[in-house]
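Everything below concerns the one structure shown next.
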Amino acid sequence: MNTATLHISLPESLNRFVQERVEKEHYSNPSDYIQTLIHDEQKRQEEQHLEAMLLEGLASGQGLTMGTPDWEAFWKKVQARVEARSTGST
């Protein structure tokens, strides 16, 4: 994994808070603690995006019943798109 350095300035109260969390939660250093916070935020945003897509799907109307001709036609389109992506053509 490539890494980059990011320098941040914190008020003394936040710096103390970070140091306390590092010691209490047994992080190696403040950088590890900050990385965990960022990873957690990324995960939270991904979950929000997934939830929004699920809600959009639920609100989009009647679904298709598996095994019906409409379902089979839909599934063939999905498979074709997946195949196109895996071979590099879109």
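Things to note:
- Against the chain, whose longest principal axis comes from its Cα atoms, helix 30-59 is set at around 20 degrees.
- The angle between the Cα long axis of helix 12-25 and the main principal axis of the chain comes to about 70°, on a 0 to 90 degree scale.
- Once the Cα atoms are used to define both axes, helix 69-87 deviates from the longest principal axis of the chain by about 50 degrees.
- Dipole magnitude (debye, nearest 20) for the chain, charges at Cβ of Lys, Arg, Asp, Glu: 300
- Size of electric dipole in region 9-59: Cβ of Lys, Arg +1 and of Asp, Glu -1, about Cα centre, debye, nearest 20: 140
- Least to most buried among Ile34, Ile8 (fewest other Cβ within 10 Å first): Ile8, Ile34
- Charge-dipole axis of the chain as Lys and Arg at +1 and Asp and Glu at -1 on Cβ define it, positive-most pick from Val18, Gly67, Gln48: Gly67
- Considering only Cα atoms, the convex hull volume of the chain works out to 212 Å³ per residue.
Values in this text are rule-based calculations from the coordinates and carry no lab data. Since this is a predicted model, take the numbers as computed values, not measurements. Backbone-built Cβ (ideal geometry, glycine too); neighbour counts: all protein chains shown.
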